[in-house]
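Structure first, commentary second.
None of the figures in this text is laboratory data; all of them are computed from the coordinates on show. These numbers were taken from a predicted model, which means no experiment stands behind them. All Cβ positions, glycine included, derive from the backbone under ideal geometry; neighbour counts span all protein chains shown.
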Amino acid sequence: MMLDALLQALQADARWADAELRRSSGDGVSTLEVTRGRARVLLVAGERVAEDPTLVERAVRGDFGLLIVGAAPPRLREALKPGSTVAVLDDGADGDQAFLAIDGLLERVELKQSAATRVKELSRYRYELDELVTIARALTQERDIDKLLGLILEKSRYITGADAGSIYVLEDAKGVEPAQLRFKLSQNDSVTFQSSEFTIPISTKSIAGAAALIKQPIMIADVYALDPSKPYTFARSFDERVGYRSVSMLTVPMISAEDDVIGVIQLINKKVDPRSKLQTPEDFEKGVVPFDARSEELLTTLASQAGIALENALLYEEIRTIFEGFVRASVQAIEQRDPTTSGHSLRVSVLSCALAEKVDAAVDGPYKDTRFSKRDLQELNYASLLHDFGKIGVREQVLVKAKKLYPHQADSIRSRIEYAIKSAEAAALSRRIELMQAGADGAELRALDESLAARRAELLAAWETIQKANEPTVLKEGDFSRIAEIGALSYADFDGNPRQLLAEDEVIALQIPRGSLSPNEYDEIRSHVVHTYNFLSKIPWGKSMAQVPLIAGAHHERINGTGYPRGVGAADIPAQSKIMTIADIYDALTARDRPYKRALPAERALEILHFEVKDGHLDPALVEIFRAAEVYKVADRDMTY
């Protein structure tokens, strides 16, 4: 059956009334094209197939069905398989046979096209799912709220092909009505502009407010042609100000795990080509299309993930703020117990973190491969701020002891001396009366006065020596024996019993050769490091801050093993602790708030740090970085936490 006859038969049969028939010829090739729905079949004379080698390939691929009328070339036998979209129709076939062949090919083409569409859709869904999983992972890992919001908006625009967008976050209204949405940021691929935060009420007057209020997406094909029945309007002021043209818009609320609105994502101008920029009126007219149902579905899914991620980030920020408050209160508690070290913890933290940053940037030396992440620096910050918290466990009188004697001891000694003087005066007066009644001569009375004066001078000299010895300085040679002599002096108490002028513990305290603390008191002060470690170990720091107790508890260790409390060597001391030790010593030397010593200038403090290096106490490489990078200059003596 020739093609013209077959065309006439198809046109005459009512069963093919819904089919599109087209007869064509050209370049010596005569064809009949039958189209039904999306499927089409091409009928070609057998001898012409060889003239177009791509014809069979395209048919096998499923672009269309190929019905070869007449004998097929031998090379096509491989393509003529059951279920193939290539078939042969004998010249002598009748109309019914032709109709069956065409109908069968159309069905197979439809099936192949449907399968190809499903494969394509499945591939697209898999790609989108992978993207959503990747986006979800990125969102859950970001804790910085501003960075998270930028990431949410960036990914929202990416998966929908939006040119621009904005993001709003629910404002903490603190009881103010109505609730507010705070505009946080915007992004635009086509224009650059400056934006600042502002608030809008959650109401139907604005598109973002309406989406938040109804908890449903709002999709608009053209914001300049809004349905007048809608309560919301679009403000054109932004477009007019920056020379932009907002067309299509998709606004989706972000919902928290508790089904509360936590923010709004608003996208503008879905682009035909996501890589293009919208600059001219023609760009906006031809390059922008309405957001479709799939865009809405994708953005709604992402907004759900983003809402939970944002809620988690806000909760994390709240927890961080609470914890910062705890640390701040702890530091204040330490400083209230020991006002002489006010500001020390914060200064040590600032110096330690500054030195760690310089170590992180080192390109040579033993620390060239040492790196400190943001979390590492935060860990060091907390450890530095709380390194002296163990002083809470030290008796306050020991902690604030500025002189060798406690104030009550010094007051008691002074009272004894004053009592001894008054007792001597009373005894001398009583004796004078006795002598005068006995008619003693003037020589005896003068001797009595001289004895009283000598006793008074002895006691006052003893008090002066005690006062000098009480200062936390190195005593002059011979003063130890003088204190022992004073301690052996006696006086009569109220009942007339002899008492020593100084108690044994007072003599021991006044004979302290250096500083103001006795060996037992010094051990008690040193115990604050153990208290610090034990206290901080009870706090659930989590994986990222797990080393805070160890770092803080090792800031008095020395690299030669002579430090405390464990007496470990360099290999067992964390680098952060070595850093903190330098900051701690430097601040103690230069602090202006210590009443018992003068603040040293930076140059002298650096010299002492180098002496500590020579003695095997401090890490030489870290001290050199501290000096060379002038880290010591970052400490502001007026800073407060």
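In this structure, the amide hydrogen of Ser30, modeled 1.01 Å from its nitrogen in the peptide plane, lies closer than 5 angstrom to those of Ala45, counting only residues at least 5 positions away or on a different chain. For Leu185, the residues whose amide H sits under 5 Å from its own are Ile167, ignoring neighbours fewer than 5 places away on the same chain, with H placed 1.01 Å from N. Sites listed here are trypsin sites (Lys or Arg not before Pro) in the range 386-439 whose DSSP assignment is loop and whose Cβ has at most 14 other Cβ atoms within 10 Å: Arg395.
For the range 147-210, the set of chymotrypsin sites (Phe, Trp or Tyr not before Pro) satisfying both a DSSP loop assignment and a count of at most 16 other C-beta atoms within 10 Å is given as Phe193. Projecting label points 7 angstrom from Cα along Cα→Cβ for Ile145 and Leu445 puts them 9.0 nm apart. For Ala492, the residues 5 or more places off, or on other chains, whose built amide H falls under 5 Å of its own are Arg499. Report note on the peptides 556-567, 364-375, 343-354: ranked by the mean count of other C-beta atoms within 10 Å, highest first, their order is 343-354, 556-567, 364-375.
Neighbours of Val272 by Cβ distance under 14 Å: Lys/Arg scored +1, Asp/Glu scored -1, total -2. Counting charges near Ala554 (Lys, Arg +1; Asp, Glu -1) among other residues having Cβ under 14 Å from its Cβ returns a value of -2.
Counting only residues at least eight positions apart within a chain, or on another chain, the lysines with an alpha carbon under 28 Å from that of Lys391 are Lys401, Lys403, Lys404, Lys538, Lys543, Lys578, Lys597, Lys633. A straight chain from Glu624 to Phe494 at 0.36 nm per residue would run longer than the Cα-Cα distance by 40.3 nm. Normalised by 2.2 N^0.38 Å, where N is the number of residues, the C-alpha radius of gyration of the range 311-401 stands at 1.33. Estimated from the Cβ-Cβ distance and a Förster radius of 25 angstrom, the FRET efficiency linking Glu471 and Tyr419 is about 0.55.
Loop-resident trypsin sites (Lys or Arg not before Pro) (DSSP state other than H, G, I, E or B) in the range 260-338 with no more than 14 further Cβ atoms inside 10 Å of their Cβ: Arg275, Lys277. Karplus-based coupling profile of the range 567-574, in residue order and whole Hz: x, 8, x, 4, 5, 9, 9, x, with θ = phi - 60° in 6.51 cos²θ - 1.76 cosθ + 1.60 and x standing for Gly or Pro. Given their separation in residues at 0.36 nm each and the Cα-Cα distance between them, Leu226 and Phe326 gain 30.8 nm when the chain is fully extended. Quick one: which of Lys147/Lys358; Lys112/Lys155; Lys147/Lys270 span more than 30 angstrom between C-alpha atoms? With Cα atoms farther than 30 Å apart: Lys112/Lys155. Note on the range 364-505: along the principal axes its Cα atoms extend 97, 31, 18 Å, ordered by decreasing extent. Neighbour counting of Cβ atoms within 10 Å sorts the residues Arg38, Arg482, Arg627, fewest neighbours leading, into Arg38, Arg627, Arg482. A full extension of the chain between Met2 and Glu464 corresponds to an added length of 152.6 nm, given 0.36 nm per residue minus the alpha carbon distance. Helical runs assigned H by DSSP (4 residues or longer) give the chain a calculated mean residue ellipticity at 222 nm of -16500 deg cm²/dmol, each run adding -39500 (n - 2.57) before division by the residue total. What FRET efficiency would be calculated for the residue pair Asp259, Ala115, taking the C-beta separation as r and a Förster radius of 25 Å, to the nearest 0.05? E between Asp259 and Ala115, to the nearest 0.05, is 0.05. Note: relative contact order over the range 431-567, using C-alpha pairs below 8 Å and six or more positions apart, is 15 percent.
Computed from backbone phi with θ = phi - 60° and the Karplus coefficients 6.51, -1.76 and 1.60, the 3J(HN,Hα) list for the range 549-561 is x, 5, 4, 5, x, 10, 6, 10, 6, 10, 5, 8, x Hz; x is used for glycine and proline.
Screening the chain for whole DSSP H helices with an alpha carbon extent of at least 30 angstrom along the helix axis and a mean Kyte-Doolittle hydropathy of at least -1.0 yields 95-141, 293-337, 407-437, 442-470.
Applying 1/(1 + (r/R0)^6) with r as the Cβ-Cβ distance of Tyr522 and Thr35 and R0 = 60 angstrom yields a FRET efficiency of 0.05.
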